[in-house]
Amino acid sequence: MVRALRARGLSASKARVERLMRAHGLRGRHRRRDRVTTDSSHRLPVAENLLARDFRPSAPNQVWIADITDL
(Lines give C-alpha, C1' and ligand atoms only; values in the text may rest on other atoms or scores of the structure.)
Protein backbone atom coordinates (compact mmCIF):
# COMPACT_ATOMS: atom_id res chain seq x y z
CA MET A 1 0.00 0.00 0.00
CA VAL A 2 2.86 2.37 0.84
CA ARG A 3 4.40 1.77 -2.59
CA ALA A 4 1.07 2.43 -4.30
CA LEU A 5 0.67 5.71 -2.43
CA ARG A 6 4.21 6.79 -3.29
CA ALA A 7 3.60 5.94 -6.94
CA ARG A 8 0.68 8.40 -6.84
CA GLY A 9 2.86 11.09 -5.28
CA LEU A 10 1.53 10.74 -1.72
CA SER A 11 3.83 10.39 1.26
CA ALA A 12 2.89 8.13 4.18
CA SER A 13 4.94 5.91 6.47
CA LYS A 14 4.28 2.21 6.81
CA ALA A 15 3.15 2.69 10.42
CA ARG A 16 0.64 5.36 9.42
CA VAL A 17 -0.80 3.23 6.63
CA GLU A 18 -1.10 0.27 9.03
CA ARG A 19 -2.85 2.43 11.63
CA LEU A 20 -5.33 3.89 9.11
CA MET A 21 -6.07 0.50 7.59
CA ARG A 22 -6.68 -0.99 11.05
CA ALA A 23 -8.98 1.94 11.95
CA HIS A 24 -11.08 1.28 8.84
CA GLY A 25 -11.12 -2.49 9.23
CA LEU A 26 -8.97 -3.12 6.17
CA ARG A 27 -6.51 -5.99 5.94
CA GLY A 28 -3.65 -6.42 3.53
CA ARG A 29 -3.32 -9.43 1.26
CA HIS A 30 -0.38 -11.66 2.09
CA ARG A 31 1.92 -12.83 -0.63
CA ARG A 32 1.81 -16.52 -1.35
CA ARG A 33 4.95 -18.42 -0.33
CA ASP A 34 6.89 -20.30 -2.96
CA ARG A 35 6.39 -24.04 -2.87
CA VAL A 36 9.45 -26.02 -1.82
CA THR A 37 10.24 -28.41 -4.66
CA THR A 38 13.60 -29.82 -3.61
CA ASP A 39 14.38 -32.21 -0.79
CA SER A 40 18.15 -31.99 -0.40
CA SER A 41 18.25 -34.02 2.79
CA HIS A 42 17.49 -37.35 1.12
CA ARG A 43 19.56 -40.53 1.35
CA LEU A 44 19.22 -41.48 -2.30
CA PRO A 45 22.34 -41.99 -4.41
CA VAL A 46 23.56 -38.96 -6.37
CA ALA A 47 24.81 -39.55 -9.92
CA GLU A 48 28.50 -39.01 -10.56
CA ASN A 49 29.45 -35.84 -12.45
CA LEU A 50 30.98 -37.41 -15.56
CA LEU A 51 30.92 -34.20 -17.59
CA ALA A 52 32.85 -32.12 -15.04
CA ARG A 53 31.54 -28.93 -16.72
CA ASP A 54 33.44 -29.67 -19.95
CA PHE A 55 30.66 -28.93 -22.45
CA ARG A 56 32.88 -29.29 -25.55
CA PRO A 57 32.66 -32.89 -26.77
CA SER A 58 35.33 -34.23 -29.11
CA ALA A 59 32.73 -35.47 -31.64
CA PRO A 60 28.95 -35.19 -32.26
CA ASN A 61 26.61 -37.31 -30.09
CA GLN A 62 29.26 -37.86 -27.40
CA VAL A 63 27.57 -35.78 -24.70
CA TRP A 64 23.91 -34.93 -24.20
CA ILE A 65 22.84 -32.44 -21.54
CA ALA A 66 19.52 -31.11 -20.25
CA ASP A 67 18.25 -28.66 -17.66
CA ILE A 68 15.73 -30.27 -15.30
CA THR A 69 15.57 -27.39 -12.84
CA ASP A 70 11.76 -27.05 -12.88
CA LEU A 71 10.70 -30.67 -13.22
Residues ARG8, ARG3: which one is within 25 Å of the chain's Cα centre (by Cα), on the phi < 0 side of the Ramachandran plot and loosely packed, with under 10 Cβ neighbours inside 10 Å?
ARG3
Tell me which residues, restricted to region 22-45, are at pLDDT 85 or above and either of a type in the set (A, V, I, L, M) or touching a Phe, Trp or Tyr at 6+ places or on another chain (Cβ under 9 Å) (or both).
ALA23, LEU26, LEU44
Within region 34-44, is there a residue that is closer than 30 Å to MET1 by Cα, in contact (Cβ under 8 Å) with a residue 24 or more places away in the chain and part of a loop (DSSP other than H, G, I, E, B)?
no
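The values are calculated or read from the model by the stated rules, or taken from the named source; none is laboratory data. Since the model is a prediction, treat every value here as computed from it, not as a measurement. In this analysis, Cβ positions are derived from the backbone assuming ideal geometry, glycine residues included, and neighbour counts consider all displayed protein chains.
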